[in-house]
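Q: Below is a structure I'd like to ask you about.
The values are calculated or read from the model by the stated rules, or taken from the named source; none is laboratory data. Note that the structure is predicted; figures quoted are calculated from it, not measured. Heads up, the Cβs are rebuilt from the backbone with ideal geometry, glycines too, and the neighbour counts pull from every protein chain shown. Accessible surface areas use protein heavy atoms only, side chains included; no ligands, DNA or RNA. Shrake-Rupley method; radii C 1.70, N 1.55, O 1.52, S 1.80 Å.
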Amino acid sequence: MKVLVNPCCEKCHHTASTPCSDYVQCRTEGPLCHDDVSCKQQRQRLMSLILEPDRRNKQILVCNGTGCFSSGSQTLIDLLREGLAARGIDTADVRSTGCHGFCEQGPTVIIEPDKTFYTKVKEEDISEIIEKDILRDEKVERLLYEDPVSGKLAANFETVNLFAKQKRIILDNCGKIDPEEISHYLAKDGYKGLAKAIQTMSPDEVVEEVKKSGLRGRGGAGFPTGLKWSLCRQSEGAKKYVICNADEGDPGAFMDRGVLEGDPHAVIEGMLIGAYAIGADEGYIYCRAEYPLAIDRLRTAIAQAEENGLLGNNILNSGFNFKLKIKAGAGAFVCGEETALIASIEGKRGMPTVRPPYPAVKGLWGKPTNINNVETWANVPYILRNGTDWYTQFGTEKSKGTKIFALTGKVNNTGLVEVPMGITLRDIIFDIGGGIKDGNQFKAVQIGGPSGGCLPEEMLDIKVDYDNLTAAGAMVGSGGLVILDNTTCMVDIARFFLSFTQKESCGKCTPCREGTKRLLEILIRITKGEGKAEDLDTLENLAKVIKRTSLCGLGQTAPNPLLATLRYFRHEYEAHIFEKRCPAHACTALMEYTVDNEKCKRCGQCSKVCPVGCITGDKDTPYVIDTQKCIKCGACLKKCKFNAISLA
Ligand SMILES: Cc1cc2nc3c(=O)[nH]c(=O)nc-3n(C[C@H](O)[C@H](O)[C@H](O)COP(=O)(O)O)c2cc1C
Ligand code: SF4
Ligand code: SF4
Ligand code: SF4
Ligand code: FES
């Protein structure tokens, strides 16, 4: 079968070993070395099959990212293909794509050209989709997305509020192209940034371009990418490495997985451009082994890039060589820290080391090494391809471009959202996220995972960028955005994140190993109603010492969620300590179950299920719960059909 990546005729001499410098441009604009109408028409036909479905040629884009895959999307793809073939339909094509971003509604299917968005598609829906949508151009209404607030059906993908206010640059290909088809990436102008860099720019010019773009690292700290590259470029040594940090250890974060599964070539192209700029000829993608689909798709993409002369020796006949390997990590949070990550690739236990020397000077196998995050690398092709002026129109003065967030928690729409830097938290949560679930009230947003912090309602109009969030006591971090409502206890949230960091501490340095344990013990006591007046000062002082004295970023940021909740929700700590009360009614130890005698029908069901027999009463005597004996298991609350049992 002819595909875009293949030669048009025998006049094309491009192979991996005899590369043509015009190969990338030629795929979409060619042929360039000979003038042949049939070759040109063939290219255009192949391009339009990928890019421009029309009513006679529909594209059925089935999400085959991890979320949808686990709910059976591969079977849907097979059934759709079989269904079309059985009916002899050749005017529709089924494409397996990466994550559409709305995993909780999965498996999701988009049908082009109308961008019809079907949600929670099941095997039994396939015939109807083919008969109605593909053959008769009618919508299968029951599968359309219904807005939880307005109750309206979304006619197409772009009117679903999760997508309407996004600015999808890095995620643009995800959900549209088949990540296992390099032709699709090429048709979407893929590898043009690489071709431009290595054929028309010196490495210094590439570094300058990235500096000018204002791109900052998306892995957490927001370090300027161009500056990082120039430091590594300036380091002495003929052998240098680039690494892609795809460890993604933050709880709730799946941005990097989305990019790797949906558009692996963008990450590879970014790394190629970075390697050329820095002077590296070898690279590693360090990806956690819990991401098998991402690793599979990366392997396929690397093989395809090699076969087509875009990875390996003398790339596009430029003399630039680059070899790329994947290292699967065992999934320890600390292995995302760059020196620990390097140790892990070298086959040692993933433990951080003291910096300096920084990896830019002495990194993998002692050689200068540049590490960037998945999303950072994926930004690079767009900057090179479209130029700095185009890129800097998005974002704020000091934080350019877009950021992908994993929006989760008590919000109506959860998923992957890409927004321009500078958007407000209110826009993300209430427009894109569709507001708070179950009509509850917003309480806080936890940003940046275990290294980040919680911001209250007063901060909802803050413009999201690196500096604003850090000043407010949170951070962009890797991009976790967890929405909390009035049923969430903020002391318990601090306890949750601390228990994560405490378990993930590598144990090498005392402040982190011992300090996080002590903080956690105090928080557990407070949530049990055993807090003491002096605990607040102890927490604050110890947190500051841990931040100042820990060896690596894990310990240095571990107290952040605690400090942010103390800053904005101190009253909740005080209620737990001084009034032995959890204002959110979330800490079990501080809850009291009581029977409302107005509502109670004296049916006796609650006392039958109580495991410690602490409910007494009968037809003539009111039912009561002995709060001293009650173990707060909640069995009676669940059992009572009359809502006569409540929590206080
Ligand atoms: C404990 C810890 C875990 C980290 N985990 C990740 C991670 O999963 N992915 C990532 O890109 N960066 C992670 N980082 C940040 C990296 O060490 C490093 O700063 C980043 O990969 C640099 O890339 P960037 O400049 O593109 O952001 C982590 C840092 C620490 C301290
Ligand atoms: S310009 Fe290069 S890639 Fe295009 S047809 Fe000629 S040899 Fe092949
Ligand atoms: S701060 Fe924590 S994770 Fe980092 S080196 Fe010290 S003990 Fe290990
Ligand atoms: S189950 Fe409810 S209604 Fe029945 S006795 Fe218990 S509290 Fe009363
Ligand atoms: S995996 Fe299908 S929408 Fe995310």
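Q: Keeping every protein chain present and rolling a 1.4 Å probe, give me the accessible area per residue for region 390-449 in Å². If you can, show how the numbers build up before the last one.
A: Numbers: 1800 Å² over 60 residues.
Accessible area per residue: 30 Å².
Q: Holding the Cα-Cα limit at 18 Å, pick out from 120/188; 323/403; 240/325 the pairs that are longer than that.
A: Numbers: 120/188 28 Å; 323/403 29 Å; 240/325 14 Å.
In this structure, 120/188; 323/403 exceed 18 Å between Cα atoms.
Q: Considering only protein heavy atoms and a probe of 1.4 Å, how much of the accessible area of region 326-476 is carbon and sulfur, as a whole percent?
A: Numbers: 2530 of 5110 Å².
Exposed carbon and sulfur together represent 49 percent of the surface.
Q: Something else now. Under the definition of Cα pairs under 8 Å and six or more residues apart, what whole-number percent is the relative contact order of the chain? Please report the intermediate quantities before stating the final value.
A: Details: 1342 pairs, mean separation 71.9, N = 648.
It rounds to 11 percent for the chain.
Q: In square angstrom, what is the accessible area per residue of region 1-104 with a 1.4 angstrom probe? Let's see the in-between values first.
A: Numbers: 5130 Å² over 104 residues.
Roughly 49 Å² per residue, with all protein chains present.
Q: May I pose another question? Compute the helix-to-body angle for 225-234: its Cα long axis versus the longest principal axis of the chain, expressed 0 to 90° and rounded to tens.
A: 60 degrees
Q: Then there's this: Please report, as a whole percent, how much of the solvent-accessible surface of region 503-556 comes from carbon and sulfur atoms (probe radius 1.4 Å). Before the final figure, lay out the partial values.
A: Values: 1360 of 2660 Å².
Heavy-atom surface of region 503-556 belonging to carbon and sulfur, 1.4 Å probe: 51 percent.
Q: Let me ask something additional. Accessible area per residue, 1.4 Å probe, Å², for region 489-648: what's the number? Mind dumping the intermediate values first?
A: Details: 8180 Å² over 160 residues.
Accessible area per residue: 51 Å².
Q: Still on this structure, I have one more. Counting alpha carbon pairs within less than 8 Å and at least 6 residues apart, what relative contact order, in whole percent, applies to region 185-235? Walk me through the numbers before you get to the answer.
A: Details: 29 pairs, mean separation 12.3, N = 51.
Once normalised by length, the contact order is 24 percent.
Q: If the only charges are +1 at each Lys and Arg Cβ and -1 at each Asp and Glu Cβ, what is the size of the charge dipole of region 326-385 around the Cα centre, to the nearest 20 debye?
A: Details: 7 positive and 4 negative charges, 37 e Å.
Dipole magnitude for region 326-385 comes out near 180 debye.
Q: Moving on to the next point. Counting only Cα atoms, I'd like the Rg/Rh figure for region 531-605, Kirkwood definition for Rh.
A: Details: Rg = 18.8 Å, Rh = 15.2 Å.
We get a ratio of 1.24 for region 531-605.
Q: Quick one: helix 535-549 against the long Cα principal axis of the chain, what's the angle to the nearest 10°, folded into 0 to 90?
A: Helix 535-549 sits roughly 20 degrees off the main axis of the chain.
Q: Rounded to the nearest Å, what's the spacing between the alpha carbon centres of region 565-603 and region 153-173? Just the number, please.
A: Between the Cα centre of region 565-603 and that of region 153-173, the gap is 40 Å.
Q: In addition: Assign one of three labels to region 43-182, namely rounded, prolate or oblate, based on the Cα gyration tensor with a ≥ b ≥ c the square roots of its eigenvalues; rounded applies when a/c is under 1.5, prolate when it is not and a/b is larger than b/c, and oblate otherwise. Let's see the in-between values first.
A: On the way: a/c = 1.38, a/b = 1.16, b/c = 1.19.
Rounded, because the longest to shortest axis ratio a/c is under 1.5.
Q: Any idea what the dipole of region 478-606 comes to, in debye rounded to 20, about its Cα centre with Lys/Arg Cβ at +1 and Asp/Glu Cβ at -1?
A: 380 debye
Q: Also: Give a quick list of chymotrypsin sites (Phe, Trp or Tyr not before Pro) in region 131-188 that DSSP marks as loop, anything other than H, G, I, E or B, with at most 14 other Cβ atoms within 10 Å. Walk me through the numbers on the way to the answer.
A: Values: sites: 145, 157, 163, 185; in loops: 145.
Here no loop site has a sparse enough neighbourhood.
Q: For residue 547, which aspartates and glutamates qualify as cross-link partners when the Cα separation must be under 17 Å and same-chain residues fewer than eight apart are set aside?
A: Cross-link targets: 337, 504, 514, 537.
Q: Suppose we keep just the DSSP beta bridges with both residues in the chain; what percent of those would be antiparallel, to 5? Walk me through the numbers before you get to the answer.
A: On the way: 35 of 63 bridges.
Percentage antiparallel, nearest 5: 55.
Q: Per residue of the chain, what 222 nm ellipticity follows from adding -39500 (n - 2.57) for every DSSP H run with n ≥ 4, rounded to the nearest 500? Numbers along the way, then the final one.
A: On the way: 24 runs with 232 residues, N = 648.
For the chain, the value works out to -10500 deg cm²/dmol.
Q: Indicate the gyration tensor shape class of the chain (rounded, prolate or oblate), computed on the Cα atoms with a ≥ b ≥ c the square roots of the eigenvalues: a/c under 1.5 is rounded; otherwise a/b larger than b/c is prolate and the rest oblate.
A: Numbers: a/c = 2.52, a/b = 1.42, b/c = 1.78.
Note, shape of the chain comes out oblate.
Q: Related question: Relative to the first principal axis of the alpha-carbon coordinates of the chain, what is the inclination of helix 203-213, with its axis defined by its Cα atoms, in degrees from 0 to 90 and to the nearest 10?
A: Approximately 40 degrees, to the nearest 10.
Q: What percent antiparallel are the DSSP beta bridges of region 180-337, to the nearest 5? The partial results should precede the final answer.
A: Values: 2 of 15 bridges.
Of those bridges, close to 15 percent are antiparallel.
Q: Over region 52-143, with every protein chain in place, what whole percent of the accessible area is carbon and sulfur at 1.4 Å, could you tell me? Working shown, then result.
A: Details: 1760 of 3890 Å².
Answer for region 52-143 is 45 percent, counting heavy atoms of protein chains only.
Q: Rounded to the nearest 20 debye, what is the charge dipole size of region 1-153 about its Cα centre when +1 sits on each Lys and Arg Cβ and -1 on each Asp and Glu Cβ?
A: Details: 20 positive and 25 negative charges, 54 e Å.
Dipole about the Cα centre, nearest 20: 260 debye.
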